[in-house]
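S.K.: Mind looking over this structure? Questions follow.
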Amino acid sequence: MALYKKRILILQHSSTGVSAKLGRMARGHLEAAGHKVRVEAIRPRRPLPYLLNLIISFIPGVSLPTLELAAKLEDFDALLLIFPKWTFAHPLINDFIKNQSRRLPPTALIVTCGGWDEDRYLEGYLRKLREARVPLLGGETFRRKSVDRGLATMILRLKLRRWFS
């Protein structure tokens, strides 16, 4: 039986597949480093059309209920949360943080984006986690183009090594 460095849960929400692709890349890097990794999707309790989700995301702080996770957060040493930047809020991530923050292990965030104001958006979610007293490992943004073209690999590997070593 192999000895693992850490048990890491990767939770992701992906509408277009970019965040899911980054989650698969992160899993590969983390497993190659000797960690035991599980990946799970954050899913809405009631799926809405993309356009309606986008409209709702213009309301700062809005949340939409998520399904219960299959994974038990307390079974993990660390969490990597990956999700796309929507306009001003990500309703599913807001719900997840509101309802699970007391149970979260040390957490790192990755926000995927198409192009504008991603640093402020990431900082807003890091602030929410700090206010909820979640131990933070760090955060990073990745542009869709860099993920699609495979340019994110080296930066992702470096960030993961820093966060989870």
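The numbers here are math on the coordinates, done by the rules we state, and not lab data. Computed from a predicted structure; not experimentally measured. Methodologically, a virtual Cβ is constructed for each residue, glycine included, from the backbone with ideal geometry; neighbour enumeration extends over all protein chains shown.
S.K.: Calculate the dipole size of the chain relative to its Cα centre from +1 charges on Lys and Arg beta carbons and -1 charges on Asp and Glu beta carbons; express the result in debye to the nearest 20.
M.R.: Computed charge dipole of the chain: roughly 300 debye.
S.K.: Using only the Cα atoms of region 41-165, construct the convex hull and provide its projected area averaged over every direction, in square nanometres to one decimal.
M.R.: 7.8 nm²
S.K.: With a 10 Å radius around each residue's Cβ, average the other Cβ atoms per peptide and rank 147-153, 86-92, 158-164, highest first.
M.R.: Those peptides, ordered most packed to least, come out 86-92, 158-164, 147-153.
S.K.: How about residue 72: which lysines have a C-alpha closer than 28 Å to its C-alpha, ignoring those fewer than 8 places off in the same chain?
M.R.: In chain and number order, the partners are 5, 6, 21, 36, 85, 98, 128, 159.
S.K.: Right, another one. Using DSSP to call loops (not H, G, I, E or B), can you name the GluC sites (Glu not before Pro) in region 56-165 whose Cβ has at most 13 other Cβ atoms within 10 angstrom?
M.R.: 68
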